[in-house]
Amino acid sequence: MLRVAVVGSGPAGSSAAEVLAKAGIETYLFERKLDNAKPCGGAIPLCMVSEFDLPPEIIDRRVRKMKMISPSNIEVDINLENKDEYIGMCRREVLDGFMRDRAAKLGANLINGTVYQLDIPSNNTDPYTLHYADHSNGDAQGVIKTLKADVVIGADGANSRIAKAIDAGDYNYAIAFQERIRLPEDKMNYYEELAEMYVGNDVSPDFYAWVFPKYDHVAVGTGTMKVNKAIIKDLQMGIRTRAARKLEGGQIIKVEAHPIPEHPRPRRVVGRVALVGDAAGTVTKSSGEGIYFAAKSARMCAETIVETTNGGQRLPTEDDLKLYLKRWDKKYGMTYLVLDILQRVFYRTDATREAFVEMCADKDVQKMTFDSYLYKTVVPANPLIQMKITAKTIGSLLRGNALAP
C-alpha cells in the first residue's frame, strides 16, 4: 500500500491529507506548530465554504461591503446585494486547526514535528526518507526520528524545505506585514461587515494595504515586493495614518509578517515529490489571494495521486504527478495571467491607482469582479457589457494619464 508524507498542515496540506486518507492511503501529516497563526488577511471566497465543507462557526465575519480607497482618499463602496453572498473572514489558527483535525479524524496520522531533511532515493522505486524532530513530548528541540514514504507532498509554505530538497528553484516573493488591533466597541461596529482596501505609494508601491475585520479585532496590514524592513515600517505607518480616525483608541494585540510567493516555482513536481500551495507559488497577483488556491491545488494533487495509483495500489511516476499540474494550469492559468496584467497596469503609479478605484465604481465591473472572486469562475459577460468595461478601463486610464510610459 502506498505511503504518502504531507509536510505542512495549513489549508493545503490538510486538504491533501484529507483526500488521501479518505481513499484509504496511508497518510502522514507533519506540522511543526499546532497552534500556528499565519499572518494573513484571512479572506476566503464563498465557494470555498461549500466546496471544502467549512462550518459557519469558523467564519468570524461575513463581509458584504468593501471600500476601495484611492491615493487621494476617494472612496468607492462596493456592496453585495444578495444577502446570501459574502466574503468569509477567518483567523488562520481557527481555519487551519479545523481542517487539520478533520484530516486526522478521517485517518491521517498527524505528527507534531519539524521536517528538516529529505533524502532522495537513487532510483524510481525506493522510498524517500524524511528526517524530523518530533515535538509530541512538548519539547521545542524534539526527538530526532525518520519516516520512509513513497510520495512526498510539500505544503510547507514559502520557505519550503521540501522545495529546497528537490531543487525546485526560487521565486520572487512579497512580504505581508500586519498588526492585529483590538478596537473600542463603537469603532468595531463600523467594521461589522465591512473590509477596506487602500492603494497609494504611501501604503504600498506595488500592492495594496487593508483593514479586515476579525472576531474581536481588525487586521491592519500591507504587502510589498520591496523586501526591506525600513520600507515596510514606513508603509505600515502609511496605512495606520490613512485609517487613523477609524482606528482611534485601538490596542495592538499582535504584530506579524510573512513571505508571499509572487510566481510559481520553476519546478513543482520532481520524481515522486509534488509542491502545493505557497510552496508551489499559487498566490494570485493583484489580489494576493492564497488560501483557496492553496487548498484547491493540494486537493487536485491528492486526487491525481489517488486516481493514478488506483487508490494506492501502485507507485506513481513523475508523469503521473505532473498530470496534476496540467489540470491546474488548464483550469487556472488564465486567471493568473489576467491578475498579473492587472497588477502591472493598475499598481504602477498613483495615477493608475486613481484610475483603478474610479473603475471600481462601475456596477458591471463590481459584479464581474465579485462573481470571479466568490465563485472562481470567469463568467463571460454579455459582449456589450464586456465592451463597456473595456471602454471604461481605457477611459479611466486616459483620464489619470496612466497610459503614459
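Computed from the coordinates by the stated procedures, all read-outs in this text should not be read as laboratory data. Predicted, not measured: the structure shown is a model, and the values here were computed from it. Note that we place each Cβ from the backbone using ideal geometry, even for glycine, and neighbour counts take in every protein chain shown.
Enumerate the residues in the stretch 123-137 having an amide nitrogen under 18 Å from the point lying 7 Å beyond the Cα of T146 toward its Cβ. 123-134, by backbone N distance to the label point.
Where does the chain land at 222 nm, in deg cm²/dmol rounded to the nearest 500, when only DSSP H runs of n ≥ 4 count, each adding -39500 (n - 2.57), divided by all residues? Before the final figure, lay out each step's value.
On the way: 13 runs with 152 residues, N = 405.
Value at 222 nm, helices only, nearest 500: -11500 deg cm²/dmol.
When Rg and Dmax are taken over the Cα atoms of the chain, they come to 21.7, 64 Å. Treating each Cα of the stretch 51-130 as one equal point scatterer and applying the Debye formula with no solvent, the log10 of I(q)/I(0) at q = 0.13, 0.20, 0.24 Å⁻¹ comes out as -0.71, -1.02, -1.16. Couplings 3J(HN,Hα) for the stretch 270-283, derived from phi with the Karplus relation 6.51 cos²θ - 1.76 cosθ + 1.60 (θ = phi - 60°), are 9, x, 9, 10, 10, 9, 9, x, 4, 4, 8, x, 8, 6 Hz, where x marks Gly and Pro. Quick note on the stretch 34-170: its Rg to Rh ratio, both from C-alpha atoms and Rh being the Kirkwood radius, is 1.10.
Under the simplified labelling scheme, the R348-D53 pair shows an inter-label distance of 4.8 nm, with each label point 7 Å from Cα along Cα→Cβ. Taking the charge dipole of the chain about its Cα centre, with +1 at Lys and Arg Cβ atoms and -1 at Asp and Glu Cβ atoms, the residue from I25, F98, A230 reaching farthest to the positive side is A230.
Which log10 I(q)/I(0) values, to two decimals, does the stretch 224-375 give at q = 0.13, 0.20, 0.22 Å⁻¹ under the Debye formula with one point per Cα? Debye intensities relative to I(0), on a log10 scale: -0.81, -1.31, -1.41. Of the trypsin sites (Lys or Arg not before Pro) found in the stretch 49-117, those that fall in a DSSP loop while having at most 15 other beta-carbon atoms within 10 Å are K83. Relative to a virtual label point 7 Å from the Cα of M1 in the Cα→beta-carbon direction, which members of the stretch 9-36 show backbone nitrogen distances below 12 Å? Under 12 Å, as judged by backbone N against the label point of M1, lie 21-28 of the stretch 9-36. Treating each Cα of the stretch 236-326 as an identical point scatterer and ignoring solvent, apply the Debye formula and state log10 I(q)/I(0) at q = 0.12, 0.20, 0.22, 0.26 Å⁻¹. Log10 I(q)/I(0), no solvent term: -0.54, -0.96, -1.07, -1.24. Of the residues Y375, V276, S72, the one whose Cα sits farthest toward the positive end of the charge dipole of the chain, with +1 on the Cβ of Lys and Arg and -1 on the Cβ of Asp and Glu, is S72.
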